Amino acid sequence: MEALSQLVIADTLTVFNPQAPGTQSGVTLGWIVTIVCTAIFLVVAGIILFAMMRYRWREGEADPKQSAGNKTVEIVWTAIPLVIVIFLFTLTVRTMGVADPAPPADPDLVVTGHQWWWEAQYPKSGVITANEIHIPTHKPIAVLLKSADVLHEFWVAELTRKMTTVPGQPNHIWIEADTPGTYLGVCSEFCGTQHAWMRFKVIAEDPDKFDEWQKSQLQPAPEPAPATPEANGEALYRSMSCTSCHTIANKGGPAGGRVEFGPDLTHFASRLDFGSGISKNTPENLHRWLKNPQDVKPG
Ligand code: CUA
């Protein structure tokens, strides 16, 4: 696996850097719960420690005064937890309102988990891409999550909560970014041997730039000039079995339609990575991948 280590893209995923209202509210709630629970732990552990030391058995000492059935104490120690639970419940409901409002009937984005890559479709514009999701900043994006095979889990820690993709049972989440940038997404539910290499990128950009990206993605793949390396490549692509799994929009699939078994390759060159995050999209890496994909991503 020496070859593989050179390809790996160093990216980190952190839940402590929320960049969207939904994740921000979740992280804030998490800290409040942690602080409240730590305080409860300290009080309870403190009382136990005090009782152990103050009332430990000593030679010649009688039992301490018993106070079982003291009404005031019973009421107080029932009321305090009740108030704490009501407080946390209220905060949780408010957070759910921010992080998970009701989904609209028409999603902005349909993401499908495959073994082992992600397909992204924008039903409103018709853009189809893979493993690289572009979104405009400051706009909540309604995402419909599907699975083509087994359970996967869509997770962009900085922008949204986790959600499982279930075959035959679409799920829904919202994704939003306050700051332009590139965010790492992963599959966070074990789904087979290449589960760890089911990464993707979410690129949040200013609405103008997003529109530009969308327009360029809708362009047909450029026609190569005859007798160029590009033309040879296209001939190879057609003569090998590539079209059984992949689609290039204006080049037609085996029956002229779309094949969704593998990623759509129409604008492959515009993507930063390939192999669902396993490699940077450079000519050298692509050469190695095409020569022996099993060497780069076994399975
Ligand atoms: Cu897909 Cu884990």
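The values are calculated or read from the model by the stated rules, or taken from the named source; none is laboratory data. All figures in this text were calculated on a predicted structure; none of them were measured in a lab. Methodologically, a virtual Cβ is constructed for each residue, glycine included, from the backbone with ideal geometry; neighbour enumeration extends over all protein chains shown. Keep in mind that these areas ignore ligands, DNA and RNA; they rest on the heavy atoms of the full protein, side chains included. Shrake-Rupley method; radii C 1.70, N 1.55, O 1.52, S 1.80 Å.
When each of Thr228, Thr266, Thr282 is tested for being open to solvent by less than 30 Å² (accessible area, probe 1.4 Å) and over 20 Å from the mean Cα position of the chain (by Cα), the lone residue that passes is Thr266. Residues in region 74-93 that are among the β-branched types (Val, Ile, Thr) and surrounded by fewer than 11 Cβ atoms within 10 Å (Cβ to Cβ): Ile75, Val76, Thr78, Val83, Val85, Ile86, Thr90, Val93. For region 36-52, check the following and say yes or no: at least one residue is assigned to a helix (DSSP H, G or I), over 29 Å from the mean Cα position of the chain (by Cα), exposed (fewer than 10 other Cβ atoms within 10 Å of the Cβ) and at pLDDT below 95. Checked region 36-52: at least one residue is assigned to a helix (DSSP H, G or I), over 29 Å from the mean Cα position of the chain (by Cα), exposed (fewer than 10 other Cβ atoms within 10 Å of the Cβ) and at pLDDT below 95. Restricting attention to region 55-73, the residues being open to solvent by 100 Å² or more (accessible area, probe 1.4 Å) and not in a loop (DSSP other than H, G, I, E, B) number 1.
The set of residues from region 110-146 being in contact with a strand residue (DSSP E or B) (Cβ under 8 Å, 6 or more places away or on another chain) and of a type in the set (Lys, Arg) comprises just one member, Lys146.
Within the set Phe190, Phe200, Phe154, the sole residue that is at pLDDT 95 or above and closer than 23 Å to Pro18 by Cβ turns out to be Phe154.
Listed by position, the strands (runs of 3 or more DSSP E) enclosed by region 134-212 that each have at least 1 residues that are surrounded by fewer than 19 Cβ atoms within 10 Å (Cβ to Cβ), within 16 Å of the ligand (Cβ to nearest atom) and more than 13 Å from the chain's Cα centre (by Cα) are 171-175.
Restricted to region 105-121, and to residues there that are touching a His at 6+ places or on another chain (Cβ under 9 Å) and away from the ligand (no atom under 12 Å from the Cβ), the residue that is most open to solvent (accessible area, probe 1.4 Å) is Pro107.
Taking the stated definitions as given, is Ile248 within 21 Å of Phe154 (Cβ to Cβ) and among the β-branched types (Val, Ile, Thr)? The answer is no for Ile248. Going through region 271-292 one residue at a time, which ones are of a type in the set (Ser, Thr, Tyr) and touching a strand residue (DSSP E or B) at 6+ places or on another chain (Cβ under 8 Å)? Scanning region 271-292 gives Ser276, Ser279.
Scanning region 213-236 for residues that are in contact (Cβ under 8 Å) with a residue 12 or more places away in the chain and in a helix (DSSP H, G or I), we see that the one that is nearest to Pro283 (Cα to Cα) is Glu234.
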